[in-house]
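Read through the structure below, which is laid out as structure tokens, and then see the notes.
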Amino acid sequence: MRWADNDRGRAIELYILNVRISEAFYVPLHFLEVALRNRFHAVLADHMHEEWYYEPGFLLAENQQDQVMEAVDRLREEGKPPTPGRVVAALTFGFWTTFTNRPYEPLWRQVLHRSGSRDGRNLSRKDLARPLTRFRKLRNRIAHHEPVLHWNLTAHHAEMIAVTEWLSPVAADLIARHSRFRDVYPAEPIILA
């Protein structure tokens, strides 16, 4: 109502627009998350082994170890063997983005830099840390049905495609071909009171 200057009809229009734009971000967020987890897993599995997440002392954030165990327990409760592919798919976006935190800098220098490339060079931890933090916040706002209209969504969408391109050109192409963001986002600026 505040954004609509207490105009109930305009408030409902903005609310529906927020829902539609949030829905349109599903495709880019989907392919970004899948590209991120698949690239990190592939590089770590190649460097160590398929079940690298069980290595004692490897995961530096305590919540990551808990997330692995929760994913394994959930799979077992569902009667599914905790194969590497299933465990990797069951881990959260937050689990994967934690690898861009400072304590993982040595791992980036050693191996994670091979996760992708940007401007013809291997990725650095810093290349991904800031944009992934922004994307995680946007993802969480969308998942909790919160307003996002006040964000620079056009820039977020473009940056999401660019970051996905660094990890997986195929996934970035799928975003470009299947994202409905440009169809949903209005051509005129969104005016919020």
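The values are calculated or read from the model by the stated rules, or taken from the named source; none is laboratory data. Keep in mind it's a predicted model, so treat the numbers as computed, not measured. So basically every Cβ, Gly included, is an ideal-geometry build from the backbone, and we count neighbours across all protein chains shown. Note: areas computed on protein heavy atoms with side chains; ligands, DNA, RNA excluded. Shrake-Rupley method; radii C 1.70, N 1.55, O 1.52, S 1.80 Å.
The listed residues are Leu138, Leu167, Leu112, and the only one of them that is over 19 Å from Phe31 (Cβ atoms) and open to solvent by less than 60 Å² (accessible area, probe 1.4 Å) turns out to be Leu112. Close Cβ contacts (under 9 Å, 6 or more residues apart or on different chains) running from residues in the stretch 170-193 that are open to solvent by 60 Å² or more (accessible area, probe 1.4 Å) to residues that are among the acidic types (Asp, Glu) comprise Asp173/Glu165; Arg180/Glu23; Ala193/Asp5; Ala193/Asp7. Taken together, Glu146, Glu105 contain a single residue that is surrounded by fewer than 19 Cβ atoms within 10 Å (Cβ to Cβ), under 21 Å from Ser22 (Cα atoms) and either modelled with pLDDT of 95 or more or aliphatic (A, V, I, L, M) (or both), which is Glu146.
Of all the residues in the stretch 51-68, those that are open to solvent by 80 Å² or more (accessible area, probe 1.4 Å) and more than 21 Å from the chain's Cα centre (by Cα) number 2. Selection of first residues in the stretch 118-129 that are surrounded by 11 or more Cβ atoms within 10 Å (Cβ to Cβ) and of second residues that are part of a strand (DSSP E or B), restricted to Cβ pairs under 9 Å at least 6 apart or on distinct chains, gives the following pairs, ordered by first then second residue: Leu123/Ser117; Ser124/Arg118; Asp127/Arg118.
One residue is enough: does the stretch 33-44 have a residue meeting the conditions in contact with a Lys or Arg (Cβ under 9 Å, 6 or more places away or on another chain), among the β-branched types (Val, Ile, Thr), in a helix (DSSP H, G or I) and surrounded by 15 or more Cβ atoms within 10 Å (Cβ to Cβ)? Yes, the stretch 33-44 contains a residue that is in contact with a Lys or Arg (Cβ under 9 Å, 6 or more places away or on another chain), among the β-branched types (Val, Ile, Thr), in a helix (DSSP H, G or I) and surrounded by 15 or more Cβ atoms within 10 Å (Cβ to Cβ). Considering (1) free of Cβ contacts under 8 Å to residues at least 12 places away in the same chain; (2) farther than 23 Å from Pro169 by Cα; (3) part of a helix (DSSP H, G or I), the lone condition that His49 does not fulfil carries the number (3).
Please work out which residue is farthest from the chain's Cα centre (by Cα), limiting yourself to the stretch 146-171 and to residues that are of a type in the set (A, V, I, L, M, F, W, C) and closer than 18 Å to Ala42 by Cα. Applying the filter and picking the extreme gives Val170.
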